[in-house]
Each structure stands twice: as structure tokens, then as C-alpha cells.
2 protein chains.
Amino acid sequence: MTTAVKADTTTDLYPTRTGEPPRVIPREEPVVQGTPEQGPMDAQTLRGFDEKGYLTIDQLITPEELQLFKDELKRLAEDPEVKKDKRTVVEAKSNEVRSIFDIHRSNEIFKKIANDPRVVDRARQILGSDVYIHQSRINYKPGFVGKDFTWHSDFETWHAEDGMPSPRAVSISISLTDNYSFNGPLMIMPGSHKHYIVCQGETPEDNYKQSLVMQGAGVPDPGILTEFADKFGIDVLEGPAGGAIMFDSNCMHASNGNVTPYSRSNVFIVYNSVENTPVDPPYAAPSLRPDFLGSRDFTPAGNQG
Amino acid sequence: MTTAVKADTTTDLYPTRTGEPPRVIPREEPVVQGTPEQGPMDAQTLRGFDEKGYLTIDQLITPEELQLFKDELKRLAEDPEVKKDKRTVVEAKSNEVRSIFDIHRSNEIFKKIANDPRVVDRARQILGSDVYIHQSRINYKPGFVGKDFTWHSDFETWHAEDGMPSPRAVSISISLTDNYSFNGPLMIMPGSHKHYIVCQGETPEDNYKQSLVMQGAGVPDPGILTEFADKFGIDVLEGPAGGAIMFDSNCMHASNGNVTPYSRSNVFIVYNSVENTPVDPPYAAPSLRPDFLGSRDFTPAGNQG
């Protein structure tokens, strides 16, 4: 556990929620900070990630692991202790479990995959340093009633509310169900990660309690979003269970709701560079969010044993 | 104007909302009742419609008509008189116009296309008789906040609440905006139209006031919907503005919400066979819905001048 240092907002490259009108500023820092020589990804894969802000992996985990993860997912969703835990988000309308946070610490099965070289080495290569886990969760998107997520940059929130200085972080979403165009898959505006949208509004106290259910602060301006969609287009990330998507922390992304019978579930882990640890207080919120949303344990991932 | 006759529920082939458990019964009557010789569609197109329950037309209207319709759509959505008309449905959350009904009577531009041979002749050929307009509307699905429509058969509602005896009706949806997989396009379970899902529940008085905003009665059982999706699959109907989709009244269909900036709007017209006019009272509701939802003017379409 390292003690966070104070934010220097006078030199903040990514101001947001300051009361200024919304605008777009360039991302000053590189997207890929490692090299092809480090492996496991080749130059072309890294170049694609730099350009589009994401990459896909057709099969990251074995069929046996997939089954194991799905069984565990099911068990957790039905566990009354898990349902009432503060790290669990319950869907307002249906009372079904929507997300369970902090599963890399609370659950042995997901702790293992979060520290697995297949995942950690890729994150290290993209970020060009050791990495630690900033956040982890399982997302359920149940059939028939799955809720949408409106467009946002994760980094904008992590910067404003968690004190993360730079977008030197990468997320991996491991698919536990097939992603079709029709069951609310991840949508990304490719290339948007090289631009930062300064958002309006101020962050209310304990904003996270509301924002995990329905986004309030950190909502990009609709006019800017329309320009972004016209300029970058929208990629719909279909793909099979057992595959994965890695995406830059500053990608503009969203997902539609899901009225089909097919749920869409995934394991979601955020890796941050150990050279990019959060400051306290954060850049645009009264105080840091709880540790289960923005971890202050900066122990490098993959070094657990 | 013809006077409707009384429903004979003792011989009802499509019982629903009777208090019985949900179940599936076969559709006894043919889907296509006309012949290729009648034109304008060939044998292969008709066979495809019979098998899948829908067909698509790449370009139904000219670019000039498309522009005219879009301008009219915009004008209507901004007209305060239209907004407060009882035939207009306003989106609960955003207060934006969601649908305007009865546009084949209230609006000269849409009256013309609803009686155009390009549309009416196709409907006649499918249904094998003269046709009249049972319902018409413009649907807006605005960007960012467009609402979903959960799975349903239109015929189930038109039978229960409008007194339509048989599924001898066909809908056309003329696209006024591009339909992408990501902006809440129409989804159809191909082949589902040959099976009828008996729905649970009873129809409350004036159900339509609620059901236009959020479906209550006439909701198919989730277990049956899952079986249907596994058996028939889900077709996502992407396609350009100016194109159209015709689909059988008993197709199981739905659409997801729309968080993208791109609205999805269409003109929607329902043709019923003049040999299939509604009965009064209807099959499973206390009384008929208003005339703007289920017209009692059985004048054949295309015979207006």
C-alpha cells in the first residue's frame, strides 16, 4: 500500500467538470508505451491498438476456464450475501445483479485470471511498465431487461473521481457469453481515445452511489458526441464467449440495452501503470471514491506468489 | 364506413389473454394469399416472405420523396398542436415525440404514399385481396434516448384489442433514416409468424393509453421467447434510408433502445385484407381501441381518387 500524493491541478493536462463549457483537447501522451520486442503482441497488433484504441482476442481463455467462470458467475449472482454487499450493483428496474466489483480480491477464481500472464503481459506491453489493478468487476447484462450504458470515457471518471493523472491505463473485457450485435455489445468510436472531452458540471458528494446505476456527472456533450460519431464512426464489437477486448482508458464507448433473451456477461479488469498512481484528493471531486472502485493497492499484478 | 360484426369467440383460432397458461399454437392460415402472376413481386420474393415472414426493399422511394418525408417529419415533431394531439405519443423520459398515429388521414403527404401503388400493390399481392389501412404512424426513435420495444406479435394485440379475426395483415416500415445494427433497428425472429403465442393476463380498460408507452398485456412468456430465439434466430434488419421492410402481422419482433447519436425514424402503415375486417367487441378486451389505432374505415387503399 502506497500513500497517494496531492493533485497538482495547476498542471492538469485533462481538466474536467470545472464549470467551463465542454470542449475537446488533444491527448498529449502516447497510447502504446511498450515495444513489440517485449511481447507477447507483434508490431501490427500494437499499431492497431494505437490507431483504434482497442484490440480483440478471439480466444483468450480455454473452454474449461470459460465454463468455470460461468459457473462462478451464476453462483455469485444467486448468493444473497453477494447481493447485499456494497460492492454489488443491483439493476434498479429488475432487482437483478448488474455488476460485482473488486472480484480480483474477493474471489480466488477471478484473482487468478487477473494475475495471469496472458492478460498481465499484454497490459504491461501496452503501458510500458509494471501494472497494478485499479478496478475489477463482473458485468451481467441479463436478457430481456439489460440496461444501456451511455457514451463515456472511463479515464474522465478515473481522473476526476479517482485521481488518476494520465490515461496510461488499459481495460480488458473477457466475454463469458457470445456478443451479438443485438444483445447490447460494447461499442467504441475508434480513434476517439486520442482526444479528451472536457465535461460540464461538478461532481456531487458520493456521486458514485448514483453513477453506478445511472450516469450523472462526466456525461460528454451531445453535440460533441455527434461530431465524434460522424468523424470516427462506431465499431460494434461482436465476438464469441472466451474471447476478449482490450481498450484504452480514454476510448469513447457505450452499449445499448438488451431486450433479447441472450444475456451478455463479462469479466472486466482495469490495469494502470505503476508510474501513474492516483493522487488524493482527486482532480474534480470532493474526495476519492471507495477503494473497491479505485484501488489504492499498487502492488504489481502477476507478482502475487 | 362498414359496421363491424360481433366476435364469435367459440370458433376463435387465436385465443389469448383468457387466463389460461401461455402456450404456442400453430397458425392455421396461409401467409401469402396472392400469386406471382398478380405482380409486382416474383415467386422467389413471395416464397421468401412466406418462409421468413418479412421481405426488404432496398429503395422504395426516391431521394426527393425521402427528403420531403424527412422535412415533414421534422415539421410535425416541432408542431405544438401535433404534440398535444391524442394521436401523438410522447416519450415518458425525454418528453420527445415518439410516434404520431393516423398520419394516412391527418397528413396529405403521408396519405399519398399510403395509397401509392408501390406499397398497396405489394400488400394486395401478399394478402390476395383488396386491402384497407388498419393503422398508420410515424415512429421517431431519437438519438441518445430512443426507447426499446420488447418482443411482441402485432396481430396478438390487433386480435385481442381491435377485433381483427386472422393474421391476414401486413405492415410496411419505410425507413427515413439509415438503420444500423447499433441504433435500435427492427429485429425479427424469422419463421416465428407461423406460430401463435397465447399470452397470459387480461386486458385492462383503456389499456392502450399505457401500452403505447410501455407494453403491459400481450407480453409473450419469456421461456417461450427464449425457445423461439433458439429455434428461429434473430435477424437484425439493417438498411438505408428510403428502403422498406414489409412484415407479417404475426412476426415476433422487437427493437433495442438507441444510445447512439443517430435517430431511427420510419413511416409505418398496416394493411389488412378487406375480407378480414374487425369484429366488435374484440376478442380479449372490454371494448375496441380508438379509431386512430384500429381504423373502422374499410375503404380499399389506393382507391382514393
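One table, with the values for the structure above:
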{"item": "Over segment B:98-257: Kirkwood hydrodynamic radius from C-alpha pairwise inverse distances, Å", "result": "16.8"}
{"item": "Pairs beyond 22 Å (Cα-Cα), from A:194/B:141; A:52/B:141; A:147/B:83; B:83/B:111; B:83/B:141; A:52/A:111", "result": "A:194/B:141; A:52/B:141; A:147/B:83; A:52/A:111"}
{"item": "Compactness of the protein assembly as shown - radius of gyration and Dmax, Cα, Å", "result": "26.8, 84"}
{"item": "Kirkwood Rh (inverse of mean 1/r, distinct Cα pairs), segment B:89-132, angstrom", "result": "12.3"}
{"item": "Residue among B:136, B:95, A:110 farthest towards the positive dipole end of the protein assembly as shown, charges placed on Cβ", "result": "B:95"}
{"item": "Relative contact order (percent, whole number), segment B:1-129, Cα cutoff 8 Å, 6+ residue spacing", "result": "31"}
{"item": "Calculated label separations, residue A:300, copies of the chain, 7 Å along the beta-carbon direction, nm", "result": "8.2"}
{"item": "Value of Rg/Rh across segment A:130-182 [Cα atoms, Kirkwood radius]", "result": "1.01"}
{"item": "Cα-Cα P(r), segment B:71-152, percent of pairs per 10 Å interval", "result": "16, 41, 30, 12, 0"}
{"item": "Copies compared at residue B:39 - label distances in nm, ascending, label defined 7 Å from Cα in the Cβ direction", "result": "6.9"}
{"item": "Placed amide H near residue A:196: partners under 5 Å, 5+ positions off or other chain", "result": "A:25, A:27"}
{"item": "Filtered GluC sites (Glu not before Pro), segment B:17-64: DSSP coil and at most 15 other beta carbons within 10 Å", "result": "B:28"}
{"item": "B:29, A:161 arranged by Cβ crowding within 10 Å, fewest neighbours leading", "result": "B:29, A:161"}
{"item": "Residue mean of other protein chain beta carbons inside 10 Å, A:228-238", "result": "2"}
{"item": "Compactness of segment A:192-281, expressed as Rg and Dmax over alpha-carbon positions, Å", "result": "15.8, 43"}
{"item": "Viscosity 1.002 mPa s, 20 °C: Kirkwood-radius Stokes-Einstein D of chain B over Cα pairs, µm²/s", "result": "111"}
{"item": "Cβ-defined net charge surrounding residue A:57, 11 Å radius [Lys, Arg +1; Asp, Glu -1]", "result": "+1"}
{"item": "Rotationally averaged projected area of segment A:230-305 (alpha carbon convex hull; nm²)", "result": "8.8"}
{"item": "Check: segment A:5-280 dipole with +1 on Lys, Arg Cβ and -1 on Asp, Glu Cβ, in debye", "result": "520"}
{"item": "Cα-based radius of gyration of segment B:105-200 once divided by 2.2 N^0.38 Å, which approximates compact folds", "result": "1.22"}
{"item": "Number of partner chain Cβ atoms within 10 Å, mean per residue of A:141-152", "result": "3"}
{"item": "Relative exposure of B:137, A:87, judged by other C-beta atoms within 10 Å (fewest first)", "result": "A:87, B:137"}
{"item": "Protection proxy ranking, peptides A:242-250, B:281-289, average beta carbon neighbours within 10 Å, highest first", "result": "A:242-250, B:281-289"}
{"item": "Average other protein chain Cβ within 10 Å of Cβ, residues A:252-259", "result": "5"}
{"item": "Residues A:98, B:47, sorted so that the one with the fewest Cβ neighbours within 10 Å comes first", "result": "B:47, A:98"}
{"item": "Cα-only Debye scattering, segment B:26-77: base-10 log of I(q)/I(0) at q = 0.16 Å⁻¹", "result": "-0.67"}
{"item": "Globularity ratio of segment A:60-111, using Cα Rg and 2.2 N^0.38 Å", "result": "1.20"}
{"item": "Over segment B:1-122: Kirkwood hydrodynamic radius from C-alpha pairwise inverse distances, Å", "result": "18.9"}
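Where a number appears in this text, it was derived from the coordinates with a stated rule and is not lab data. From a predicted model like this one, the values you see are computed outputs, not experimental measurements. Don't worry about glycine lacking a Cβ; one is built from the backbone with ideal geometry, like all the others, and counts go over all protein chains shown.
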